[in-house]
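The structure appears right after this line, and notes come after that.
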Amino acid sequence: MRALLSVYDKTGIVDFARALHDLGVALVSSSNTARALSEAGLPVVDVGDLTGVPPILGHRVVTLHPKIHGGLLADRQDPEHQADLERYDIEPIDLVVSNLYPFASDPSIELLDIGGPAMIRAAAKNHQYVGVVTDPAQYELVLSDLRADGVLSDATRRTLALAAFRVTAAYDAQIVEWLAAGDGGDEPAELPETISVTLHRQQILRYGENPHQVGARYRTAGRSGWWDTAVQHGGKEMSYLNVYDTEAAWRLVHALGEGPAAVVIKHANPCGVALATDITSAYERAHACDPVSAFGGIVAVNRPVTAAMAEALAPVFTEVLVAPGFESDALLRLLEKRNLRILEAQPPGPADLSLRGIDGGYLVQTPDVVTVDRSQWRVVTQAQPTDAQWADLVLAWQVVAKVTSNAIVLVKDGQAVGIGCGQQNRRDAGTLAGVKADGRAAGGAYASDAFFPFADGLDGAVEAGAATVIQPGGSIRDEEVIAAADAAGLAMVFTGERHFRH
């Protein structure tokens with residue numbers, strides 16, 4: 001039995017090679033791997049001695065040779081293949097151990113592996129006869145089979161081949177993404193002709209959206225996000241909805257500017273958002289928006305949690321609290337809540353393309369980026385917002401964009417006081433927001449995620465006592481809506497940008 005070892009990640013390779021040697025396996029290796037094995041006192045044949053050709057082109061060509069790939073791809077039962085092996089003095093190779101250059105660590109032409117994927121794919125194709133090892137975690141599986149039976153089982157070879165093709169598929173996806181991003185490619189960056197997505201399972205979740213569903217968190221190959229570095233200090237395992245809602249909360253709280261901010265999310269919708277001069281006040285104001293809906297919600301804050309905030313949150317049943325850090329006293333207090341999932345996390349990265357499954361494929365779209373640029377907005381009424389009202393309009397616009405459509409948000413003095421979400425018509429969304437505000441929106445801002453198709457869309461603003469309205473504009477009845485706003489003494493701003501969310 002012969003094994004070809006050529007690895008970038010040399011974790012455990014010497015011990016594995018020594019175990020193979022003790023089992024009577026002949027070792028063939030290349031370059032740095034061969035040097036490591038030789039320095040460890042193991043007998044090893046260098047690939048260059050086997051092929052008669054040393055590494056050339058700055059090591060771009062090392063294992064790309066018929067004596068390597070013929071030995072990997074030969075069908076041991078095919079007489080013609082056997083004749084070719086004999087004619088060209090090629091010996092079969094029974095095991096390949098190879099892992100790839102870490103392309104994603106520094107995407108570049110020189111880290112774009114060729115020989116490794118070629119060997120891995122050749123061995124995996126011929127897995128009826130050849131085993132292929134692509135991860136040091138597989139070493140023990142291989143040794144267990146060899147120690148028990150002297151050969152790899154059919155099931156083990158198939159398992160290893162499946163893992164190998166996953167490795168090469170993920171590797172190719174990383175390269176495609178790099179080229180499509182503009183480093184040498186001419187694909188449009190927004191929506192490329194093809195999308196290659198390879199996902200690695202990172203976390204088995206407690207369950208899916210419902211307890212009878214199975215859920216897991218996957219990571220895109222070659223990439224990482226804040227979830228991969230987040231530390232969970234306490235609480236139960238995360239469920240699918242815990243992750244989904246926490247992602248929404250964490251992104252929203254980081255979109256609200258530099259000052260202390262807090263967000264409460266329930267079923268992917270904000271039910272509380274507030275700004276303040278300190279994080280405790282921000283949390284208390286966010287919770288006060290809708291305390292009933294906040295029960296069992298997700299809380300995100302953009303400042304380290306203080307002992308005072310921990311005391312304020314402690315009486316409230318909360319599923320997840322995510323923050324950039326925790327004061328020691330605060331963490332000790334929160335750990336008393338055994339069911340509270342306490343996450344310490346880095347800021348989220350930029351949003352990516354969104355994919356939503358449909359029969360036979362996916363709907364794909366670019367991220368919904370919320371533009372907050374007053375120079376691009378237009379006051380369309382006689383009344384003009386004051387500086388304080390502008391601040392509320394901005395916050396209301398940021399929040400309504402993250403609420404399920406149809407959506408209306410009422411904000412007063414940096415605090416969301418009423419949120420109406422997921423209604424089939426805008427009037428009902430406005431009525432719901434006003435009921436939740438319960439008189440607290442007087443003089444505040446009224447935000448709509450899309451234009452008002454009729455002037456009665458303003459009824460909710462008038463009934464809630466709002467002083468300003470922000471909406472995209474663009475209805476064929478805009479003039480009627482503007483006239484209604486003027487009649488009610490409202491200041492109204494058109495943003496020119498709709499933010500439906502489904």
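Structure notes:
- The range 348-420-the range 192-240 distance, computed between alpha-carbon centres (Å): 26
- Rounded to 5, percent antiparallel among DSSP beta bridges of the range 374-494: 60
- Computed log₁₀ I(q)/I(0) - Debye formula, equal Cα scatterers, no solvent, the range 229-344, q 0.11, 0.13, 0.19 Å⁻¹: -0.27, -0.39, -0.89
- Against the chain, whose longest principal axis comes from its Cα atoms, helix 139-149 is set at around 40 degrees.
- Only DSSP H runs of four or more residues enter the estimate; each adds -39500 (n - 2.57), and after division by the residues of the chain the mean residue ellipticity at 222 nm equals -10500 deg cm²/dmol.
- Label-point separation in nm, ALA388 to VAL364, each point 7 Å along Cα→Cβ: 4.9
- The Rg/Rh ratio of the chain, with both radii computed over alpha carbons and Rh defined as the Kirkwood radius, is 1.13.
- Secondary structure note: in the range 2-178, about 5% of the DSSP beta bridges are antiparallel.
- Largest-first principal axis extents, alpha carbons of the range 2-178, Å: 42, 35, 33
- Antiparallel bridge percentage (DSSP; both residues within the chain; nearest 5): 55
- C-alpha center-to-center spacing [the range 285-303, the range 107-139] in angstrom: 50
- With Cα atoms defining each centre, the range 1-50 and the range 477-502 are spaced 72 Å apart in the structure.
- Helix 426-437 vs. the chain, principal-axis angle (Cα, 0 to 90°, nearest 10): 80
- Degrees, to the nearest 10: 13-22 long Cα axis against longest axis of the chain: 30
- Taking amide H positions as modeled 1.01 Å from N, with prolines and chain starts lacking one, the residues under 5 Å from ASP9 and 5 or more places away or on another chain are ASN99.
- Under 5 Å from the amide H of ALA221 lie the amide H atoms of THR198, LEU199, HIS200, each residue being 5 or more positions distant or on a separate chain, with H modelled from the backbone and absent for Pro and chain starts.
A short reminder: the numbers here are calculations on the coordinates, not readings from a lab. Just so it is clear, the model here is predicted, and its values are computed rather than measured. We place every Cβ from the backbone using ideal geometry, glycine too, and count neighbours over all the protein chains shown.
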